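The values are calculated or read from the model by the stated rules, or taken from the named source; none is laboratory data. Given the structure is predicted, the values throughout are model-derived calculations rather than measurements. Backbone-built Cβ (ideal geometry, glycine too); neighbour counts: all protein chains shown. Heads up: the accessible areas ignore ligands, DNA and RNA and are worked out on the full protein's heavy atoms, side chains in. Shrake-Rupley method; radii C 1.70, N 1.55, O 1.52, S 1.80 Å.
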Amino acid sequence: MKICLLLEGSYPYITGGVSAWVHDLILNLPEFEFVLFTISPGRDQVLRYELPPNVTGHTDIVLTDHPANRRTGNTKALFKALDGYHRRDGDIGERMTALLRELKPGRYLYEEALSQDEGWNLIVDANQRKNPAYPFADYYWAWKSSHDLIFTVLGAEAPEADIFHAVSTGFAGLAALAAQIRTGKPFLLTEHGLYHKEREMEIRKTNLVKGYQRDMWIRLYDSLSRICYRRADWITALFEENRRKQWELGAPAEKSEVIPNGIDIRRFKIERQEREGFHVGLVGRVVPIKDIKTFIAMARLVADRIPEARFYCIGPTDEDPGYYNDCRLLVQSLKLEECFSFTDRQNVLDYYSFLDVLCLTSVREAQPLVILEAYCAGVPVVATRVGNVAELLNFDDRFLAPPRDAAKLAEGVLAIRDGGGEIAGLVEANRARTEEFYDKEELHQRYRDLYRRFKPATGGGA
Amino acid sequence: MAGIGFELKKLAGRGGLGAYLQVALSGAVIVAGPWLISILALFLINRLAPQSLREEFELFIAFTVYTYALSLSLTGGFQYLMTRIMSDRMYEKRDDAALGLLLKSLPLMLLFSLATGLPLYAVMSRGLAWRAAVTAAGVALYSVLNALWLVLLFSSVLRWFGRILAVFALGLAVSLVLVLLAGDSGGLLAALSGFAAGHGLILGLLLFLLRLHTRPDLSVRFGAALRAGFRQYGMLAAVGALYSAGLWADKAVFWFLRGDVIAPSGLRLYSGYDAAVYLANLVMIPGLIYFTVETETGFYVELRKFLGALLHSRYPELQRRKFFLSRRLRQGIAEQSLLQGLLCAILILNARPLLARLAPAAVPGTLALCLAGAFILLLFMTLLYAHFYLELYGAAFRGALFFFLLNMGGAFLPLPAGVSYLIGLGTGALYLAVSLRRVLRSLERYFLLKASR
């Protein structure tokens with residue numbers, strides 16, 4: 001059986017939680033053949049993972065590319081369907097089906113949507129209905145830039161597969177949906193974070209889009225998620241809170257389940273090797289989303305109280321050289337050079353064996369594997385309250401902090417240091433819970449079962 | 001050219017007969033300077049020439065007419081290209097760079113003139129006494145004229161209308177004096193040489209005035225600018241070449257199919273038609289001035305307003321500005337057509353006495369056709385320039401192609417002279433009108449699509 005994994009801005013070009021999850025899934029399901037359909041922001045990206053032998057194909061499309069048309073078709077019918085889609089005439093799935101019936105792979109509407117009267121009238125009409133008070137040219141450019149991305153995805157042809165498994169909504173989900181409608185094969189959706197929420201956060205933070213254009217982009221991403229939820233044959237989330245948020249946007253409860261992250265319990269259940277002093281570590285890439293600067297600030301506060309404390313930032317430093325440089329300068333300016341180190345890529349087990357606390361200061365997470373790894377290795381955790389972190393930390397406010405709150409994080413670290421027997425008990429309980437609920441063998445078995453359940457009647461293989 | 005239109009408009013705004021006269025004269029010189037000079041000169045020479053020149057007068061006319069035909073047809077494309085290249089620099093307030101490019105183009109133009117002129121004039125002077133000298137004089141006139149067209153493009157920047165008028169007047173006077181004095185003993189050779197010298201004086205004085213206005217930047221890389229210009233405006237050059245050649249295509253065919261040989265050379269002229277054409281073209285001048293001062297400037301102003309609205313305005317405002325642009329163009333065309341139509345009508349009604357005095361070889365019917373052609377030519381030119389402003393070079397090329405092919409092809413048919421010219425212009429104008437109408441209807445889409453590419 002062939003599974004097409006549809007990915008946007010992650011595996012195999014970007015390292016991180018999602019990519020590690022995907023890589024693990026492929027490696028641990030060798031009986032399935034996988035083909036990758038990746039959607040990238042630019043060309044010639046470097047592969048960050050060695051593709052396993054059961055990956056037999058890889059199609060990469062660049063979202064900002066404008067491939068030439070390889071096909072024409074009935075323009076009137078196409079724009080009628082496009083107009084119907086925008087006017088929300090009928091069920092969203094039916095509207096998308098009608099549109100994709102006319103819009104075959106190889107047909108890109110970049111020029112056609114503007115040069116044909118029907119397409120142009122659609123834009124003018126939408127502007128007059130939705131944003132008549134704004135400069136028309138602004139609306140045009142916003143419409144064009146958003147729709148060009150959609151046209152690129154809808155014009156691309158997904159490889160042949162028995163199941164299309166998107167690892168996010170957004171453009172990967174859209175591509176999976178298009179493949180489902182065109183081929184009749186199942187569309188499975190797995191979400192780590194919530195794509196539309198993450199995009200909304202980014203859009204609200206940036207100065208590049210403002211006013212109604214910001215709202216337009218947020219609505220676009222919302223609608224991509226909405227249509228994926230409505231049309232996917234099955235949806236998995238990492239934790240219950242996200243699953244409920246998917247319901248809010250129309251995901252049918254009866255077609256969704258939680259399949260949490262998992263780790264290799266056997267690998268991370270290690271012997272502790274106590275080391276003199278007090279050791280606080282953060283396992284993660286040195287990138288803004290991990291908010292290493294807050295970790296550094298927290299380190300200053302802890303070091304003031306515990307002079308013998310040592311701090312480790314364990315993870316690659318080459319992904320954002322500018323940010324890494326800022327962090328180094330911050331370490332210097334806070335006079336932490338003697339006790340703070342950037343280790344770059346390391347075998348995390350070497351550090352889990354002696355760390356007294358694992359700190360996670362991310363501004364955005366889904367269900368971070370590092371917390372599960374730390375629990376399995378017997379390391380207590382202090383973290384920011386993002387994603388599923390609160391649930392993983394049993395909603396214990398002593399060890400949870402708002403994002404960017406270095407003082408609260410420092411309090412949590414000190415509470416662990418001073419916690420004594422209670423902390424030891426918590427550590428054991430966390431380890432037991434991780435072993436029971438977050439074993440990756442269980443995770444992979446559930447996906448194995450899922451793929452077999454949705455295997456098409458005429459599909460072959462595993 | 002819109003720049004000169006605005007300047008003339010400012011001048012007219014001062015009011016008074018003097019200002020209007022100056023606008024009329026300056027406008028005439030700017031839009032048709034060398035052409036006017038030649039026609040006036042030929043007219044005066046015909047009236048005042050000594051006997052020896054009279055015997056070779058038709059030959060002199062033939063050489064002059066052929067020189068204009070060759071000059072405009074062969075360099076038309078390059079002129080349009082240089083106009084655009086220099087206009088871009090002037091728009092950037094780099095008059096010095098524009099002048100530098102102009103000066104650096106002159107040697108290239110000279111080389112081209114020699115390369116094309118020497119064989120052509122050698123053929124034209126076959127059978128004539130002092131053949132080599134006549135060839136040289138012809139090539140000199142041809143070369144000066146080729147350079148003069150380019151220099152005139154830039155002269156519109158000068159705004160020294162009085163000085164430009166004076167330069168042309170002086171050039172005409174010198175041409176006349178030299179031709180009349182030397183022609184007495186030297187006949188055709190002297191007349192051609194005198195004519196070339198007069199035009200050469202105009203060229204030299206204009207270059208002097210340009211130098212007074214701006215110090216040229218000679219560090220500009222002409223080759224690179226020309227290559228870049230061809231890449232960006234190659235189609236514009238093609239339009240210029242076709243249009244210029246189209247204006248002469250039927251005449252050239254008639255010379256060889258219907259014309260009379262001007263002995264002892266092999267040159268031919270079709271006097272009846274040629275005279276009518278030149279008269280009709282003179283009559284076009286008021287319409288051309290009106291186009292320059294009113295129609296073109298009005299269109300330019302409204303186009304700028306539309307483009308400004310495109311950046312900042314809501315959709316209804318865009319439609320309003322588009323309406324004003326179309327209306328301004330329609331108004332300009334209507335008014336200049338009215339002016340031109342009136343002039344043509346007056347001339348048609350008085351054709352016989354006029355022709356008797358000015359062009360005895362022409363017949364009223366032919367004059368009527370030529371005047372109708374001049375009327376349509378003004379419309380065609382207006383529509384063509386509108387296409388240039390909107391950078392619709394592809395459609396402009398097709399319009400010019402229709403004109404050229406129908407005019408030239410029709411000239412081979414047994415139709416009255418002037419009919420193929422009228423049909424070619426009419427078809428070209430119709431095509432351009434339809435093309436322009438289509439684009440103007442969705443002008444915002446046109447510009448946004450262009451920007452998207």
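Calculate the FRET efficiency for A:Lys205 and B:Arg438 from the Cβ-Cβ distance with a Förster distance of 56 Å, rounded to the nearest 0.05. Could the numbers behind the result be given before it?
Working: r = 45 Å, r/R0 = 0.80.
Computed FRET efficiency for A:Lys205 and B:Arg438: 0.80.
Once you keep just the Cα pairs under 8 angstrom separated by 6 or more residues, what percentage relative contact order results for chain B?
After rounding, I find 19 percent.
List the residues, sorted by chain then number, that are 5 or more residues from A:Phe34 or on another chain and whose placed amide H is less than 5 Å from its amide H.
A:Ile3, A:Val55, A:Thr56
What does the buried accessible surface come to for A and B, summed over both chains, with the probe at 1.4 Å? Round to 100 Å². List each step's numbers first, then the result.
Values: alone 19990 and 19510 Å², together 38160 Å².
Using a 1.4 Å probe on protein heavy atoms, the buried area is about 1300 Å².
So which trypsin sites (Lys or Arg not before Pro) in the range B:197-250 pass both tests, a DSSP loop state and at most 14 other Cβ atoms within 10 Å of the Cβ?
B:Arg221
Compute the signed sum of charges (Lys and Arg +1, Asp and Glu -1) over the other residues within less than 12 Å, Cβ to Cβ, of A:Gln246. Walk me through the numbers on the way to the answer.
Working: positive: A:Lys197, A:Arg226, A:Arg230, A:Arg243, A:Arg244, A:Lys245, A:Lys255; negative: A:Glu191, A:Glu240, A:Glu241, A:Glu248, A:Glu257.
After counting each charged neighbour, the total is +2.
Summing +1 for each Lys or Arg and -1 for each Asp or Glu, what net charge is found among the other residues whose Cβ lies under 12 Å from the Cβ of B:Ser313? Before the final figure, lay out each step's value.
Values: positive: B:Lys305, B:Arg314, B:Arg320, B:Arg321, B:Lys322; negative: A:Asp138, B:Glu317, B:Glu444.
Residues near B:Ser313 contribute +2 overall.
Could you tell me the calculated FRET efficiency between B:Asp217 and B:Phe112, based on Cβ-Cβ distance and R0 = 25 angstrom, to the nearest 0.05? Before the final figure, lay out each step's value.
Working: r = 24 Å, r/R0 = 0.94.
In this case the efficiency is close to 0.60.
Counting Lys and Arg as +1 and Asp and Glu as -1, what is the net charge of the other residues whose Cβ lies under 11 Å from the Cβ of A:Gly42?
Details: positive: A:Arg43; negative: A:Asp44, A:Asp60, A:Asp65.
Value of the local net charge: -2.
Between the chain alone and the structure with every protein chain in place, find the residues of the range B:306-329 that drop at least 50 Å² of accessible area; heavy atoms, 1.4 Å probe.
B:Arg314, B:Tyr315
Please calculate how many Å² of accessible area chain A carries per residue, with a 1.4 Å probe and no DNA, RNA or ligand atoms counted. Write out the running numbers ahead of the final one.
Details: 19350 Å² over 462 residues.
Value for chain A: 42 Å² per residue.
Grab the Cα-Cα distance for A:Gln445 and A:Ser333, subtract it from 0.36 nm times how many residues apart they are, and report the gain in nm with one decimal. Intermediate values should be presented prior to the final figure.
Details: separation 112, 0.36 × 112 = 40.32 nm, distance 4.93 nm.
Gain in length upon complete extension: 35.4 nm.
Share of the protein assembly as shown's accessible area from carbon and sulfur, percent, 1.4 Å? Please report the intermediate quantities before stating the final value.
Working: 21990 of 38160 Å².
Solvent-exposed carbon and sulfur of the protein assembly as shown make up 58 percent of the total.
Could you tell me the distance between the Cα centroids of the range A:210-265 and the range A:417-434, to the nearest Å?
After rounding, the separation between the Cα centres reads 34 Å.
What base-10 log of the normalised intensity I(q)/I(0) is obtained for the range A:153-238 from the Debye formula, alpha carbons as equal point scatterers, at q = 0.25 Å⁻¹?
-1.13
How big is the convex hull of the Cα atoms of the protein assembly as shown, per residue, in Å³?
220
Could you tell me which of A:Tyr351, A:Gly322, A:Val363 has its Cα farthest along the dipole of the range A:277-367 towards the positive end, charges placed at Cβ (Lys, Arg +1; Asp, Glu -1), taken about the Cα centre?
Value: A:Val363.
Give the Rg (one decimal place) followed by the Dmax (whole number) of the range B:246-374, computed from C-alpha coordinates and expressed in Å.
21.0, 71
Given a 1.4 Å probe, show me the residues in the range B:418-453 buried by at least 40 Å² of accessible surface when comparing the whole protein assembly to the chain alone.
Relative to the lone chain, where solvent access is computed with a 1.4 Å probe, the range B:418-453 loses at least 40 Å² at B:Arg445, B:Leu448, B:Leu449, B:Ser452.
For A:Asn121 and A:Arg345, FRET efficiency with R0 = 51 Å and r from the beta-carbon atoms, rounded to 0.05? Write out the running numbers ahead of the final one.
Values: r = 55 Å, r/R0 = 1.08.
E(calc), rounded to 0.05, equals 0.40.
Which of rounded, prolate, oblate describes the range B:141-269, given a ≥ b ≥ c as roots of the alpha-carbon gyration tensor eigenvalues and a/c under 1.5 marking rounded, otherwise prolate only if a/b is larger than b/c?
Note, shape of the range B:141-269 comes out oblate.
Amide H neighbours of A:Asp60 under 5 Å, counting only residues 5+ apart in sequence or on other chains, H built in-plane at 1.01 Å?
A:Thr38
Quick check: the angle from helix B:419-441's long axis to the longest principal axis of chain B, C-alpha only, nearest 10 degrees?
20
Just from its helices, what would the mean residue ellipticity at 222 nm be for chain A, if runs of 4 or more DSSP H residues each count -39500 (n - 2.57) and the sum is divided by every residue, rounded to the nearest 500 deg cm²/dmol? Could you put the intermediate results ahead of the total?
Numbers: 19 runs with 221 residues, N = 462.
Calculated at 222 nm, the ellipticity per residue is -14500 deg cm²/dmol.
Which value, in debye to the nearest 20, describes the size of the charge dipole of chain B about its Cα centre when Lys and Arg Cβ atoms bear +1, Asp and Glu Cβ atoms bear -1, and nothing else is charged?
Numbers: 40 positive and 20 negative charges, 328 e Å.
It comes to approximately 1580 debye.
Specify whether the C-alpha gyration tensor of chain B places it in the rounded, prolate or oblate class, a ≥ b ≥ c being the square roots of the eigenvalues: rounded for a/c under 1.5, otherwise prolate if a/b is larger than b/c and oblate if not.
Numbers: a/c = 1.67, a/b = 1.39, b/c = 1.20.
Here chain B falls in the prolate category.
What is the diffusion coefficient of chain A in µm²/s, taking the Kirkwood radius over Cα pairs and the Stokes-Einstein relation at 20 °C with a viscosity of 1.002 mPa s? Present the calculation step by step, with values, prior to reporting the outcome.
On the way: Rh = 23.9 Å.
Stokes-Einstein gives a translational diffusion coefficient of 90 µm²/s.
Output needed for the range B:74-138: three equivalent-ellipsoid semi-axes, defined as square roots of 5 times the C-alpha gyration tensor eigenvalues, in descending order, whole Å.
Values: eigenvalues 240, 23, 10 Å².
They are 35, 11, 7 Å, listed from largest to smallest.
Quick one: which residues, 5+ away or cross-chain, put their amide H under 5 Å from the amide H of A:Gly284? H built at 1.01 Å from N.
Under 5 Å from the amide H of A:Gly284 lie the amide H atoms of A:Ile314, A:Gly315, each far enough along the sequence or on another chain.
Could you tell me how far the Cα centroid of the range A:290-366 sits from the Cα centroid of the range B:385-453, in Å?
71
Counting pairs of alpha carbon atoms under 8 Å apart in space and at least six apart in sequence, what relative contact order in percent does chain A give? If you can, show how the numbers build up before the last one.
Working: 788 pairs, mean separation 61.7, N = 462.
Answer for chain A is 13 percent.
About the Cα centre of chain A, what is the dipole size in debye to 20, counting +1 per Lys and Arg Cβ and -1 per Asp and Glu Cβ, all else neutral?
Working: 60 positive and 67 negative charges, 250 e Å.
The dipole of chain A has a size of about 1200 debye.
Compute the accessible area per residue over the range B:387-453, keeping the other protein chains in place, probe 1.4 Å, unit Å². Don't jump to the answer; show the numbers that get you there.
Details: 2950 Å² over 67 residues.
Averaged over the residues of the range B:387-453, the accessible area is 44 Å².
Excluding residues fewer than 8 places away in the same chain, name every one of the lysines whose C-alpha is closer than 28 Å to that of B:Lys305.
Excluding near neighbours in sequence, the set is A:Lys130, A:Lys144, A:Lys210, B:Lys9, B:Lys10, B:Lys93, B:Lys322, B:Lys450.
Which angle between 0 and 90 degrees, to the nearest 10, do you get for helix B:271-290 versus the longest principal axis of chain B when only C-alpha atoms count?
The answer is roughly 30 degrees.
How many angstrom lie between the C-alpha centres of the range B:120-141 and the range B:75-91?
With the range B:120-141 and the range B:75-91 each reduced to a Cα centre, they are spaced 31 Å.
Once you keep just the Cα pairs under 8 angstrom separated by 6 or more residues, what percentage relative contact order results for the range B:144-196?
Values: 25 pairs, mean separation 15.4, N = 53.
Relative contact order for the range B:144-196 comes out at 29 percent.
Once every DSSP H run of n ≥ 4 in chain B is given -39500 (n - 2.57) and the sum is divided by its residues, what mean residue ellipticity at 222 nm do you get, rounded to the nearest 500 deg cm²/dmol?
Working: 16 runs with 386 residues, N = 453.
Calculated mean residue ellipticity at 222 nm is -30000 deg cm²/dmol.
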